[in-house]
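A.B. asks: The structure is given below, and queries will be raised subsequently.
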């Protein structure tokens, strides 16, 4: 079983076919960066059209059992998430509404301060806000997973502790392996995994040691080391694959509508666009490379299975439904 | 089994308890008159709160099988609908979105011309519009029932013919029994029922012969006569009960935001508010009166069961899911 914990591609029939070639059974896709509720609904609508147009390649995923259906019919189950809480605006009632529409992950922040918590690019981290505490409780109730991939450290640790259900960092790597701002320090990973949460390893070059030049062996050894440290059961893949996106999209991701000035995020003035992917993971057809790379650094078959999808499957099955079911 | 094809009460614990006292297994409730998409979502949110607060009395209904669950747990299943297509605005993609959120009926018009068809108060009826034809097709695809209760005759007949699935007039009576503008002429009822559709008999006094003074016997004899003429299998109840609403609500229903002048609709300057209900049907506890009234005018036990809920149950079971399932 292969499950990817985060993608934001420029979706097309080509990519849907590559998902099938790569044997990807399920993906969590971002459908909102800065969109408000109505704009996010337009993105749900766009996916409805894709499901209608490509019913033999993809299907909407809302529960882990949809992954079983997808596997038995040779399709990829697509689960929705947001990288910002902008889709719920200032309205806690929208948490259940977006869950009913199919959202299964929501970041409490993107890079900036949100109504709920602090993003990783802010100078000061005030932790989870008043509304943030209420929204975490409501997300727990309906089965919308708290994702802290882009949040600041204190906010992330607080969210892991406040949440009655496990939370996720769907796409990031350990800071000690590659000291990017977006990668996570030990106490953050500890807080998330100790509470039953998940870390998805990112292939986005800015999160990799040596970026685009990162070797498959280094990436896989980092996974084995992280498994030894925090427990293999808390780990999965979250490639952050942004395939076929024009550079205008990475600008939208970083700047949205919040700034009149350019913000380069993890890039720079001399390298403002999407960085090239490593040779051994260019698109969805390359999941087999990671799978064999993990075996090559000495992980057992069971461990490899868990990392490649088994852990996400268990996490999906336990966290996408109402609290009392 | 008792199913009510339309209510728009000022919902409260009192009314939910009366639904249980009256043995009402399912109701179709209006959650939009003139609301746009975002405002309609707020109404879905309000119902989510009621489901959370009163889980032993009511539950959300989306399929006919939810009525079985409601019956076996002594609750009322609540199905949602709109009396106007305003919730989908000018966006056909919202048809599937509102269906996902739980909408199961949508009128193509309220009293006025809409983007989709002509309402019964317009001077000229142009029939189903270009967008209306596309929306009917999409409603058919996802399982959102076309309701023409407030639409003009030509539009209704065209909708019944264009729709690939049966349509409904959830709340109205035959014009020949009571010549109200909102009641339906023979060719309209014929077009709807011939295509497998349903007519729900209204208890709203303006739709009754002698209004508030209408007798139970007259109402039940009218039902028996309509069954003889069009077939009992196409008939149900759609009380249009607007219990506990202040008169400001009937003004909102009639005027919305479309007019700066007052429009009295079925009322008048001297009688602008909600009319009093007949003595034998004041609220949800009185469904038993209709049931015995139908037997008293000579309908068989099977016919009474069909009218009181069996027909709506069959209609729900056949029309709330995707076309191909």
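Taken together, the values in this text are just the output of simple stated rules run on the coordinates, not laboratory data. Fair warning: this is a prediction, and the values are worked out from it, not measured in the lab. Cβ atoms come from the backbone with ideal geometry, glycine included; neighbour counts cover every protein chain shown.
A.B. asks: Once every Cα of segment B:132-236 carries one equal point scatterer and solvent is ignored, give the base-10 log of I(q)/I(0) from the Debye formula at q = 0.09, 0.16, 0.17, 0.24 Å⁻¹, two decimals.
C.D. replies: The calculated log intensity ratios at q = 0.09, 0.16, 0.17, 0.24 Å⁻¹ are -0.22, -0.65, -0.72, -1.26.
A.B. asks: Using a 10 Å cut-off on Cβ atoms, rank the peptides A:138-145, A:289-296 from the highest mean neighbour count down.
C.D. replies: So the peptides A:138-145, A:289-296, ranked by packing, come out A:138-145, A:289-296.
A.B. asks: Compute the separation of the alpha-carbon centres of segment B:120-158 and segment B:24-44 and state it in Å as a whole number.
C.D. replies: Answer, in whole Å: 19.
A.B. asks: Related question: Would you mind computing, in nm to one decimal, how far apart the modelled labels at residue B:314 and residue A:225 are, each placed 7 Å from Cα along Cα→Cβ?
C.D. replies: In this crude spin-label approximation the distance works out to 7.0 nm.
A.B. asks: Take the alpha carbon atoms of segment B:5-23, find their center, do the same for segment B:54-73, and report the distance between the two centers in whole angstrom.
C.D. replies: Using only Cα atoms, the two centres lie 14 Å from each other.
A.B. asks: Along Cα→Cβ, 7 Å out, is where each label goes; now give me the distance between the ones at residue B:252 and residue B:186 in nm to one decimal.
C.D. replies: Calculated label separation equals 4.1 nm.
A.B. asks: Taking other Cβ within 10 Å of each residue's Cβ, how do A:54, A:281 sort, fewest first?
C.D. replies: Ascending Cβ contact count within 10 Å gives the list A:54, A:281.
A.B. asks: To continue, here is another question. Counting only other chains, what is the mean number of Cβ atoms within 10 angstrom of the Cβ of each residue in peptide A:91-103?
C.D. replies: Partner-chain Cβ atoms within 10 Å, mean over residues of A:91-103: 4.
A.B. asks: Which of the three applies to chain A, rounded, prolate or oblate, going by the alpha-carbon gyration tensor with a ≥ b ≥ c and a/c under 1.5 meaning rounded?
C.D. replies: rounded
A.B. asks: Among A:37, A:315, what is the fewest-to-most ranking by other Cβ atoms within 10 Å?
C.D. replies: The fewest-first ordering by Cβ neighbours comes to A:37, A:315.
A.B. asks: How big is D, in µm² s⁻¹, for the protein assembly as shown by Stokes-Einstein at 10 °C and 1.306 mPa s if Rh is the Kirkwood radius over C-alpha pairs?
C.D. replies: The Stokes-Einstein estimate is 59 µm²/s.
A.B. asks: Using Cα-Cα distances under 8 Å and only pairs 6 or more residues apart, what relative contact order does chain A have, in percent?
C.D. replies: Computed value for chain A: 20 percent relative contact order.
A.B. asks: Test of understanding: extend the Cα→C-beta vector of residue A:131 to 7 Å, then name every residue of segment A:6-40 with backbone N under 15 Å from that spot.
C.D. replies: A:34-38
A.B. asks: Right, another one. In what sequence do A:146, A:98, B:304 fall when counting other Cβ within 10 Å, fewest first?
C.D. replies: B:304, A:98, A:146
A.B. asks: Could you grab the Rg to Rh ratio for segment B:167-325? Cα atoms only, Kirkwood for Rh.
C.D. replies: 0.99
A.B. asks: Could you tell me how far the Cα centroid of segment B:170-220 sits from the Cα centroid of segment A:280-324, in Å?
C.D. replies: 61 Å
A.B. asks: May I pose another question? Label position 7 Å from Cα toward Cβ: report the copy-to-copy distances for residue B:210 in nm, one decimal, ordered from shortest.
C.D. replies: 9.4
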